[in-house]
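Below is one structure, written out as structure tokens; the observations come after it.
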Amino acid sequence: MASLLPQQATPGPWALPGLSGTIYGAALNLRSDLELMSERFAAPPHGTPPKAPVLYLKTANTLAMDGAAIECPANTPALWASVHPALVIDRRATGLTPANALAHVRGVGLALDLRAPHESLHRPAIREQCQDGSLPLSSELTALSDLGDLAALTAWVEVDGVRGAEFSTANYARSIVRLLCDVTAFMTLAPGDILLTGTPHRGADAKPGARLRAHLSGFAPLDVCISPSKASA
Amino acid sequence: MKHARILHDGAVADARSTDGENGPLRLADGKEVSGREATWLPPVIPNAIFALGLNYFDHAKELAFAAPATPLVFLKGPNTLTGHRAESPLPADAKQMHPECELAVIIGARAKNVRAEDALDIVAGYSVANDYAVREYLENYYRPNLRVKNRDRCTPLGPWFVPREDIKDPMDLELRTTINSVEVQRGSTRDMIFSVSDLIAYLSSFMTLNPNDIILTGTPGGVGFVKPGDVVVTEIAGVGRLENTLALDDASSSDQEGARK
């Protein structure tokens, strides 16, 4: 498997404040989640199912490296942990089409998205999603050409050696190409930006002390652990 | 001393001024450029951009929402920033795009768990923002959603970075918005639900804030819809007068923006 090294001026996590791209994540991109939640979506506060891609941001403080210990926030019994394929944008991407979308992608990383459980999807969940270190990223990218069928990637998280539920990108409501087109229809992605393409809404439970190993087809696994909150209870 | 970033001779230049935005801007090499002739950029290169929904008592009433118990915070990407006197794209089918005058707070230090009483110590300075919204694109998922609030060049910022020490009290500033010189918003930062200090304490309680993080602190009441060609001015006393013009963007439409299944 070939790997492409991301360009960066200084060592450390790939993206540093000032030099970094912006990290966007796609939520509710698994058909199984959308089906499960369809009754909820028909009721207040939602009313109808989502039309445009449901997106969130992970701020730069969330970046962490393979091997990191990530502090569990205070008053949070466990975090949810799940994997996204992480597209790294190579060229300015506006109004992409299915024909040209993938040409704007430098490569794909493995992102482990840690967040405090939140059931409500009504308002942005900044507090739950933007904790320090809550997005460990693989230190190498995999070229698209080495990944094969983007609609056949599988991912799962092992928690303390126990394999959790797996998902496949075959289950995406918006394919990776479709997502790139629909996001760039209204906003430009810049070189170095990262687009997390979709993960189950509910992740594996990761309590303080847990050792996590994140898997994604075509990638070496990524290992992190969850450390207890430093704040007094 | 106010700071600005402009384009000069094809390159980005830092400029300083003790004057208005049509006055002389002094560059690092001592050269002076007229503010009237300059191409203005956002005065700060952002790290994270936080924005507040429903952070003024009268605006919450206007939107028929109860004042939130915790700050309603959302995030924006840097693609959305544009400078003073720029044009912002108005989508062809948008009838409900409206400006929102906001005090922008620029963080100056890396910090976590900042107490409200110490919060202004980590502020580097202030600017004016116009957090345009396109209401018809609102959806009830992570609302306000990115299609409303993260559009390219739809958040003017500037003209100035005003250092913290030049603003006596950020919680006593008048805000005003006009569309073609007609007032559509007037308020005061006194009416914020969560103060600048409250917001810094809240955010830093669960994440590390970094230099050049920007907090757009919300907008008072008054919703005025814009048309192509409209000139919008958002101003905050002592911080600046930020001008923007709307230009029709006929490349965008609901059809093209992933709003279909």
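Quick check: is even one residue across region A:199-206 under 23 Å from residue A:93 (Cβ atoms) and either touching a residue at least 24 places away in the same chain (Cβ under 8 Å) or assigned to a loop (DSSP other than H, G, I, E, B) (or both)? Please lay out each step first, then the result.
In the first step, residues of region A:199-206 are kept if they are under 23 Å from residue A:93 (Cβ atoms); the result is A:199.
Then keep just the ones that are either touching a residue at least 24 places away in the same chain (Cβ under 8 Å) or assigned to a loop (DSSP other than H, G, I, E, B) (or both); that gives A:199.
Within region A:199-206, one or more residues are under 23 Å from residue A:93 (Cβ atoms) and either touching a residue at least 24 places away in the same chain (Cβ under 8 Å) or assigned to a loop (DSSP other than H, G, I, E, B) (or both).
Inspect all residues belonging to region B:151-161 and state whether any of them is surrounded by fewer than 16 Cβ atoms within 10 Å (Cβ to Cβ), hydroxyl-bearing (Ser, Thr, Tyr) and at pLDDT 95 or above. Step through it out loud before you land on a result.
First pass over region B:151-161, keeping only residues surrounded by fewer than 16 Cβ atoms within 10 Å (Cβ to Cβ): none.
There is no residue in region B:151-161 that is surrounded by fewer than 16 Cβ atoms within 10 Å (Cβ to Cβ), hydroxyl-bearing (Ser, Thr, Tyr) and at pLDDT 95 or above.
Go through region A:108-146 and report how many residues are aliphatic (A, V, I, L, M), crowded, with 19+ Cβ neighbours inside 10 Å and away from every other protein chain (no Cβ under 14 Å). If you could, list the steps in order and put the result at the bottom.
Start the filter on region A:108-146 by keeping residues that are aliphatic (A, V, I, L, M), which leaves A:108, A:110-112, A:114, A:116, A:121, A:125-126, A:135, A:137, A:141, A:143-144.
In the following step, the residues that additionally are crowded, with 19+ Cβ neighbours inside 10 Å were identified as A:108, A:110-112, A:114, A:116, A:121, A:125-126, A:135, A:137, A:141.
Within this subset, residues satisfying the condition of being away from every other protein chain (no Cβ under 14 Å) are A:108, A:110-112, A:137, A:141.
Residues in region A:108-146 being aliphatic (A, V, I, L, M), crowded, with 19+ Cβ neighbours inside 10 Å and away from every other protein chain (no Cβ under 14 Å): 6 in total.
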**Prompt:** Residues in region B:177-191: is at least one under 12 Å from residue B:102 (Cα atoms), assigned to a strand (DSSP E or B), among the β-branched types (Val, Ile, Thr) and within 14 Å of chain A (Cβ to nearest Cβ)?
**Reply:** no
**All positions within region B:237-254 that are in a loop (DSSP other than H, G, I, E, B) and more than 14 Å from chain A (Cβ to nearest Cβ)** = B:237, B:238, B:239
**Residue pairs meeting the criteria (Cβ under 6 Å; at least 6 apart or on separate chains; first assigned to a loop (DSSP other than H, G, I, E, B), in region A:160-181; second among the polar types (S, T, N, Q))** = A:166/A:154; A:173/A:29; A:174/A:29
**Residues satisfying the stated conditions in region A:23-60, i.e. closer than 23 Å to residue B:46 by Cβ and modelled with pLDDT under 95** = A:60
**Item:** Those residues of region B:32-62 which are in a helix (DSSP H, G or I) and not small (Gly, Ala, Ser), in sequence order
**Value:** B:57, B:58, B:59, B:61, B:62
**Residue check, residue B:218 buried (at least 20 other Cβ atoms within 10 Å of the Cβ), closer than 28 Å to residue B:45 by Cβ, of a type outside the set (A, V, I, L, M, F, W, C) and touching a helix residue (DSSP H, G or I) at 6+ places or on another chain (Cβ under 9 Å)** = yes
**Asked** Tell me, which residue of region B:78-111 that is part of a loop (DSSP other than H, G, I, E, B) and buried (at least 20 other Cβ atoms within 10 Å of the Cβ) is nearest to the other protein chains (Cβ to nearest Cβ)?
**Response** B:94
**Request:** Identify all residues within region A:88-103 that are buried (at least 19 other Cβ atoms within 10 Å of the Cβ) and either at pLDDT 95 or above or facing chain B (nearest Cβ under 10 Å) (or both); write none if there are none.
**Result:** A:93, A:96, A:101
**Message:** Going through B:134, B:114, B:123 one at a time, which residue ends up being within 13 Å of chain A (Cβ to nearest Cβ) and either of a type in the set (A, V, I, L, M, F, W, C) or under 11 Å from the mean Cα position of the chain (by Cα) (or both)?
**Reply:** B:134
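Please specify each residue of region B:192-236 satisfying the condition of being among the polar types (S, T, N, Q) and outside any loop (DSSP other than H, G, I, E, B). Break it down into steps so the answer makes sense when it comes.
Keep residues of region B:192-236 that are among the polar types (S, T, N, Q), which gives B:195, B:197, B:204-205, B:208, B:210, B:212, B:217, B:219, B:234.
If the condition is that a residue be among the polar types (S, T, N, Q) and outside any loop (DSSP other than H, G, I, E, B), then B:197, B:204, B:234 are the ones that fit.
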**Complete:** Note on region A:173-208: residues in contact with a Ser or Thr (Cβ under 7 Å, 6 or more places away or on another chain) and either over 12 Å from residue A:27 (Cβ atoms) or more than 11 Å from chain B (Cβ to nearest Cβ) (or both) are A:176, A:181, A:184, A:186, A:188, A:192, A:193, A:199, A:200, A:203, A:204, A:208
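The values are calculated or read from the model by the stated rules, or taken from the named source; none is laboratory data. Keep in mind it's a predicted model, so treat the numbers as computed, not measured. Because the Cβ atoms are built from the backbone with ideal geometry, glycine has one as well, and the counts that use them run over all protein chains shown.
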